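Just so you know, all these numbers are worked out from the coordinates, no wet-lab data involved. Here the structure is a predicted model, which means the values were calculated and not measured. Glycine also receives a Cβ, built like all others from the backbone with ideal geometry; neighbour counts cover every protein chain displayed.
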Amino acid sequence: MNIPANLKYTKDHEWVLIEGDVATVGITDFAQKELGDIVYVEVETLDQTLDKDEVFGTVEAVKTVSDLFLPLSGEITDFNDALESNPEDVNSDPYGKGWMIKVKISDASEIDQLLSSDAYKDLIGG
């Protein structure tokens, strides 16, 4: 299982890449394996400011639909439009082409509440 050490993680199986005051968010390798073949990613919160843990979108797999929870408070500034035509990128490259949104972080202190790669491995029993 791929759990890059340079990323932060949430208990809801999202990964977060922090670059200055911008966070790139996607779902983890573990999450995409649990969901199975992803057929649709929906994010209707572009340009909205949401609080940490609010639902920012959904990911639809063949068998289920899962909510996506915002790992950090902030404004959603970007959505990976390529996922509209290639949602399978979330399965094949969850930490690269499968990224979902970018968020302008409004409360940097929340970063400390995210899980390290080791803590995330412990969470999923890795």
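Some points to look at:
- For segment 16-44, a tally of residues being under 15 Å from residue 105 (Cα atoms) and under 14 Å from the mean Cα position of the chain (by Cα) returns 7.
- Where a residue in segment 85-104 is touching a residue at least 12 places away in the same chain (Cβ under 8 Å) and on the phi > 0 side of the Ramachandran plot and its partner, wherever it lies, is of a type in the set (Gly, Ala, Ser) and surrounded by fewer than 21 Cβ atoms within 10 Å (Cβ to Cβ), with Cβ under 9 Å and at least six apart: none
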